[in-house]
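Read-outs: derived from the displayed coordinates by stated rules, not from any lab. It should be emphasised that the depicted structure is a prediction, and the values quoted were computed from it without experimental measurement. In this analysis, Cβ positions are derived from the backbone assuming ideal geometry, glycine residues included, and neighbour counts consider all displayed protein chains.
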Amino acid sequence: MSEKMKQIEAWLRRQDGRFAYIADPTNVFYLTHFKCDPHERFLGLFLFPEDEPFLICPELEVGQAQASDFGHEVIGYRDDQDPWIFVKKALDQRHTDSTKVFIEPTTLPYQKALALKSIDEKVTFGSIEDYLSDMRNIKDAHELAAMKKAGEIADYAVKLGIDAIKKGRTEAAIVAEIEHELAKQGYSQMAFDTMVLTGENTANPHGYPGTHQIHEGDFVLFDLGVVIDGYCSDITRTVCFKHATDEQHKIYETTLQANREAIKAARKGLRIGDLDGVARKVIADAGYGHYFTHRLGHGLGLGEHEQPSMSAANDKTLTTGMVFTIEPGIYVPGVGGVRIEDDVYLSENGPETLTHFPKELQIID
């Protein structure tokens, strides 16, 4: 049994829980290393304080489940069978006096909660989501190694994008070239939709690449990430094509200073909202406070956006083992935008960046 599943079992004992029902495929992967997208089909990992866990999945996924790190009973069902019949049978073989069942309430469909109730009307529900989120916040050595590799490939992807910049080329064409070159080398899973923005489109923090062409004097912004062994990277770099105005230089250097000072300030025990404030003060002092329109960053791991939210309102503190993004940005309508984003691991010795592509302003000829 994995150490992560043992943690859940111990937590269930402390909570006097009957069992935990994990339905989110990402959390199932986190605990078992079994990757499955069931689509509309049923997937469930059932963990108990004392009894043996079981995993139920579509019959066509059983082989992969048995080959995963789970190592316990795997129950498969065909498309013409009701999976809840198998769930009830397995639960009846595991006895406890508790009626409290822990679920993921924000991702568990209502009809599945009702199905659990139909098995035992005395069932009461609690949430395991916060505990799972806290677990996922802290990366072990395997997870960190995957994220370091994902950061390395993200650095390379930015280089591919910069090398593809040519006058008149469209944002969408550069996206296609980045992803094609990565796929040829075996890196076919992006962490999210690759973003390449140019010109005034860079003033949209979450803009969409399209047919906008690159022109001299444009900012060109790359925001991308890859997935390695399930774990994501997320990097943003901004360059200028041919030349940059004084204002573009000021916007860029201010953003870079905010990025560097926030990374330097990250430490165990620091209130997350205060870290956001470090970057925000740099940008406000330069006169661009109104143009920094989002939080400083977000947690990173199996998802491209996880807890913690690196916002001014977050009163939680940084903890050793966390991985999060530092991504200040300035977005001026009619001029363009700059964002500089790094993935940061908080070690016992302080912050360690997992993305290393150069951050000084590059003027691309």
Cα-projected label distance for Gln15 with Lys117, points at 7 Å along beta-carbon direction, nm: 1.9
For segment 3-136, share of DSSP beta bridges that run antiparallel, in % to the nearest 5: 35
Approximate spin-label separation Ala176-Thr106, in nm, with each point projected 7 Å along Cα-to-Cβ: 3.7
Partner lysines for Lys264 [C-alpha distance under 22 Å; skip if fewer than 8 residues away on the same chain]: Lys139, Lys148, Lys250, Lys281, Lys316, Lys359
Per DSSP, loop GluC sites (Glu not before Pro) in segment 1-63 with at most 12 further Cβ within 10 Å: Glu40, Glu50
Separation of the Asp285 and Asp229 label points, Cα + 7 Å toward Cβ, nm: 4.1
Selected from Phe42, Phe324, Phe219 as most flexible by GNM, with the chain as the system and alpha-carbon contacts under 10 Å: Phe42
Neighbour-limited loop hits for GluC sites (Glu not before Pro), segment 95-161 (at most 10 other Cβ within 10 Å; DSSP other than H, G, I, E, B): Glu121
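Could you work out the relative contact order of segment 3-136, using alpha carbon pairs under 8 angstrom and six or more residues apart, expressed as a whole percent?
25
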DSSP bridge orientation in the chain - percent antiparallel, rounded to nearest 5: 75
Theoretical ellipticity at 222 nm over the chain - DSSP helices of four or more residues, -39500 (n - 2.57) apiece, nearest 500: -11000 deg cm²/dmol
For segment 107-117, Karplus couplings with θ = phi - 60° (6.51, -1.76, 1.60), whole Hz, Gly/Pro x: 10, 7, x, 4, 5, 6, 4, 5, 5, 4, 4
Part-to-part distance (alpha-carbon centres) for segment 152-231 and segment 1-41, which is given in Å: 35
21 Å Cα-Cα reach of Lys167 towards lysines, excluding residues that sit fewer than 8 places from it in its own chain: Lys159, Lys242
Per-residue HN-Hα couplings for segment 312-326 [Karplus 6.51, -1.76, 1.60; θ = phi - 60°; Hz; x = Gly/Pro]: 4, 8, 7, 8, 6, 10, 5, 10, 4, x, 6, 10, 8, 9, 10
Relative contact order for segment 138-364, counting Cα pairs under 8 Å that sit 6 or more residues apart, in percent: 24
